[in-house]
Structure formats: C-alpha cells, structure tokens
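The values are calculated or read from the model by the stated rules, or taken from the named source; none is laboratory data. On a predicted model such as this, the values are computed, not experimentally measured, just so you know. With ideal geometry, Cβ positions are generated from the backbone for all residues, glycine too; neighbour counts draw on all protein chains shown. Remember, those area values only see protein heavy atoms, side chains included, never the ligands or the DNA or RNA. Shrake-Rupley method; radii C 1.70, N 1.55, O 1.52, S 1.80 Å.
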Amino acid sequence: MASAPKRPKAAAGSSARGKGSADPLSGFLAWCGRAGVELSPKVRLSREGAVAGYGMVAAEELEAGEVLFTVPRTALLSQHTSSIRALLQEAQESLQSQSGWVPLLLALLHEYTASNSQWQPYFSLWQDFRSLDHPMFWPEEERTRLLQGTGIPEAVDKDLANIHLEYSSIILPFMKSHPAVFDPKLHTLELYKQLVAFVMAYSFQEPLEEEDEDEKGPNPPMMVPVADILNHVANHNANLEYSPQCLRMVTTQPISKGQEIFNTYGQMANWQLLHMYGFAEPYPGNTNDTADIQMVTVREAALRRARSEAEQQLVSEQWDFLCQLEMVGEEGAFVLGWDEVLTEEELSMTLKVLCMSEEEFKEYKEQDGWEDDSEEEENSTLSNEALSRLKSPCKKLLYDSVLLTLESYRSDLKAEQDLLNNKEAYEKLSRREQQALHVRYGQKRILHQLLELVH
C-alpha cells in the first residue's frame, strides 16, 4: 500500500522569491525568531523524517499536553495584519463575497508581490506555489477521467466559476481604484487562483465562541506560519489551540522521537481532502471517509421501479412532498460513513415516503407527516445494523440507488483493488492517478459495504 498521506509541499532548492537565503527553511526560522514565534527545542522542521517536503518531527520523546510552538497573533498573516489593512478596512463593504475570502486574498496578492513585505521569508517556503496540485489545476479531461463519480469535478466547476466571478466583479475594480498598490498585469487571475488554492490548503479559521455562533458568520481565514507546515491524518497527534494573545500547537498523545507530528483539518472525507488540500489518505487510514448517494439518484431508482404512469405520478408527488419538508433537494446528497448514515433523518424519511402506497401516502400527508413519527425519530440513527433491518421495499430502493451510484464511476471496485494490490503497477501511476485512486476506492468500499447490508 502507499505511504502515509502528505499534502504537497514545496520542492527542494531555493526560490526565485527567497531573498538573501539559498535555504528557504533557515531564512524562515530566522524570521520566526524575529516575529516572536517560540518553537520547542524538542521538535524540528525539516524534510528528513517527513514523508515528503517539509514536516514537523519530534527530536525527542514528547508527552501528551506539551506545547510544540507558540505563534503570537502579530505573526499571523491576515487582512488585519497586512500592510494594506487600513485600505481593506475602509473598503470592507465593497469586498463582501460568497466565500468571505476576498480581503485575505487581496492582502496575499499584495504581500506576495511586494519585495519589501515582511512576509517574504514565509512565502519563500512555498516555492511560487509550484507544489499546489489541487484538481482545479488539472486539465478538465484528466479531472473527468480520474474523478468522475467522486463529486470533485462538480465542486471544482463551482470553485472556478466563483473565482472568475470574484476576480472580475470585486478584485479588478478594487485594483483599478488603487493603482499605486495593485497592477492587474502583476496581480493576474492566474496568481489569484493559486492564492485561492493556497488559502484552501494552508489557512486556518478560528472557531467562533459558542455564544457568537448564531449571530455571526464564520471568522475569515488567516495564515498561521509554522502551523501550516504540519500535515494531516485522521488519527492525528497534535491540535491547534487559540487564546487572545497567541495560538499554540499542543500534543494530544505521547509521541516517540523521530515520529512525524500531525495536525487535523477536521473530519474530512477523502474527496474533500483532495479537493481542498490536494491529497487523499490511503485506505484504510481515513476513518472519516464518506460516500455520497445523490438525492436525485434515489428518485431515479424509485421512478425506474414504477410500473405504470400512475405509480410514476405518485413518486413525483412523494418527491415534491419531501422537498416541501426540506428533506431533499435537486443538488443534495445522502452521506454514508463507514459505520452509519450521516444524513440519517433525510434518508430514513425519503425511503419511508417513497416506499408508501397511494393510500398510505394520502393518510400520511393528512397527518402532515409528523404525528406518528415521535417514537421513530428518537431511534432514527441509521447505523449499519439498523440498515440491515430496514423493511424489504426500503432495502430494495436503497440497493438500486447504490447500483445507480456505482454506474457513475468509470471503473469498478475490482479494478481499483487490483491496482492497489500490485505494488509495481501502483508505483507506475502518476501522483494524480494515485490520489484519485484513493478517493474512488474508499467511496466504492463504503458503497459496496452498503450493498451487502441491504441485499
């Protein structure tokens, strides 16, 4: 099997941007000292001991609860610390966007290209972003060939449309009104796209305080030097903690000397990791992996099962009813984990309603679909065990929906299995082919597991 996951890191050697230092890492560490970043003597940043590129490695034994490094808030790179913060603050109304990332991206566009920026040693680690290999940078043909069925091509299409829209409708007008700071010939759409991928892969969003969760939207992203060098695995051994003055990376379990230190980016399925960070975890490492069944696929399976026009009409009415209850939508998906359905309420209700006879449905609607559910709702966790106990028509509908979902991929599970089991063939694959294989394989394993449960 493939080695442990690694998000792509900067290539070796000095960068055209690495002013004054042939070794970007030593220049960066000197910058950390000046910026007040405190690094524990028990860890080191290096290429050795990390699977690829840079990583953080334990230089000696570590206990759980040890602070690995502390980053003062003044060393964070955000819209509030950039040298153009006053400009961004003044224009904040006109910089609002769907992503909420525009102010940070403008700060990055400026700091990355300003030769006198205090962040140059930080940027020099990223080697002109050559190492970013998100699917948004793959040719469309390759993206479709390797990722069809995974949900990634659709997510990338949305990203690219948003990037183009933000750049043309917000970024360009802002740059044109500040010609002393920005130049569209230098601050191009291509650079903007690279910076979006950089923010996707390396930024952090501070969690909201509980009392703020309802009132405020999420905090804007920010760059956290040093923290962004750590890699992710589902089974991580360190965690980032936030306090008013600084951010700290703290171990969550004992770590042996020479072991790599991993952070977590949250509970991410492989398709999300590849889409947002440019890598996936090899099976069976990602315990948070998921597979989707598009909601419209279940409708399609129900329509195919209908034997008459009247039955098809009933399915359409049932679907409209589910839409009104906000249980389903044209673009939604039911999400399956290894051990349970993560969208259990939606899937339970959808299967139940789509499997009703005309009489049952009529009666159910008259009760508004709520009254007789109180008992079931409490027990609605769709664990694997519960799935195997579904009523026969529900099982059949789910089984047919999984088969339709598996048809959307370009290859079957056995072909993926053979590739993973053949070390020589696996190593001949390109990096993109390997990452895409991990995404497809995990999803298909979950879908095939579901087929077994409802057969």
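Worth a mention:
- From phi via Karplus (6.51, -1.76, 1.60), per-residue ³J(HN,Hα) for segment 390-398 in Hz, x at Gly/Pro: 4, 5, 3, x, 5, 4, 4, 5, 5
- Relative contact order, percent, the chain [alpha-carbon distance under 8 Å, six or more residues apart]: 19
- Rg/Rh (Cα only; Kirkwood hydrodynamic radius) as it applies to segment 416-455: 1.10
- Contact order relative to length of segment 110-217, as percent, for alpha carbon pairs under 8 angstrom and 6 or more apart: 23
- Positive-pole candidate from 121, 80, 181, dipole of the chain, charges at beta carbon: 121
- Of the trypsin sites (Lys or Arg not before Pro) found in segment 289-340, those that fall in a DSSP loop while having at most 16 other beta-carbon atoms within 10 Å are 307.
- Here segment 321-455 is assigned +1 on the Cβ of each Lys and Arg and -1 on the Cβ of each Asp and Glu. Its dipole about the Cα centre then comes out at about 1340 debye.
- DSSP bridge pairs, the chain: antiparallel proportion in percent, nearest 5: 95
- Pairwise Cα separations in segment 147-203 fall into 5 Å bins from 0 onward with the following percentages, short to long: 4, 17, 21, 23, 17, 9, 5, 3, 1, 0.
- Using the alpha carbons alone, the radius of gyration of the chain stands to its Kirkwood radius in an Rg to Rh ratio of 1.01.
- For the peptides 253-260, 62-69, the ranking by packing is 62-69, 253-260, with the highest mean count of neighbouring Cβ atoms within 10 Å listed first.
- Taken over segment 314-455, the alpha-carbon convex hull comes to 120 cubic angstrom per residue.
- Within segment 111-236, the ratio Rg/Rh, alpha carbon atoms throughout and Rh by Kirkwood, equals 0.99.
- Rg and Dmax of segment 163-301, both derived from C-alpha coordinates alone, stand at 19.4, 59 Å.
- Dipole axis of segment 258-401 (+1 Lys, Arg; -1 Asp, Glu on Cβ), positive-most option in 283, 261, 337: 283
- Ranked by how many other beta carbons lie within 10 Å on average, peptides 441-447, 103-109, 399-405, 319-325 from highest: 103-109, 441-447, 399-405, 319-325
- For the cross-link pairs 365/395; 362/391; 365/444; 396/444; 362/395; 365/396, the ones whose C-alpha atoms lie over 25 Å apart are 365/444.
- Translational diffusion of segment 248-300 was estimated from the Stokes-Einstein equation, with Rh taken as the Kirkwood radius over Cα pairs; at 25 °C and 0.890 mPa s the coefficient is 177 µm²/s.
- Dimensions (Å) - segment 397-436, Cα atoms, principal axes, largest first: 40, 18, 11
- Cβ-placed point charges (K, R +1; D, E -1), dipole of segment 247-331 about Cα centre in debye, nearest 20: 480
- Solvent exposure of the chain, expressed per residue, is 48 Å² of accessible area, with all protein chains present and a 1.4 angstrom probe.
- DSSP-assigned coil residues among trypsin sites (Lys or Arg not before Pro) in segment 177-230, each with at most 13 further Cβ atoms within 10 Å: 185, 216
- Rounded to the nearest 20 debye, dipole of the chain from Cβ charges on Lys, Arg, Asp, Glu: 3060
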